[in-house]
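The block underneath contains the structure these notes are about, expressed in structure tokens.
Bear in mind these aren't lab numbers, they're just calculated from the coordinates by the rules spelled out. Computed from a predicted model, the values in this text were never measured in an experiment. When we count neighbours, we look across all protein chains shown, and the Cβ atoms used for this are built from the backbone with ideal geometry, even at glycine.
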Amino acid sequence: MQTIKSVGVLSVAKIMGALYAALGLLLLPFFLLIGRAGSMIPNQGGQNPLAGAVGMFFGLLAPVFHGVLGLSSALWAHFCTT
């Protein structure tokens with residue numbers, strides 16, 4: 001039986017990025033729902049469809065942002081502890 005003695009920093013960071021991106025995909029419907037709800041909020045000039053478009057755009061990019069933040073936070077945690 002073999003044991004793992006060490007794991008590369010970049011390998012762990014890539015796995016963390018993938019896990020955070022998967023978490024972002026799980027939360028994607030909620031982000032899109034919030035973006036859609038934002039377009040339905042009336043203001044003084046009526047409803048603002050641009051608010052919903054911006055919210056949905058950022059909702060679609062949320063998994064990418066989560067993945068990049070997961071990767072960078074894993075790298076940051078490693079280099080701050082060594």
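Results, tabulated for the structure shown:
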{"read-out": "Answer residue from the stretch 1-18, given it is surrounded by 15 or more Cβ atoms within 10 Å (Cβ to Cβ) and not small (Gly, Ala, Ser) and is farthest from Val68 (Cα to Cα) among those", "value": "Val12"}
{"read-out": "Flag for Ser39 being loosely packed, with under 15 Cβ neighbours inside 10 Å, hydroxyl-bearing (Ser, Thr, Tyr) and part of a helix (DSSP H, G or I)", "value": "no"}
{"read-out": "Residue identified as of a type in the set (A, V, I, L, M) and either outside any helix (DSSP H, G or I) or within 12 Å of the chain's Cα centre (by Cα) (or both) among Leu71, Leu50, Leu33", "value": "Leu71"}
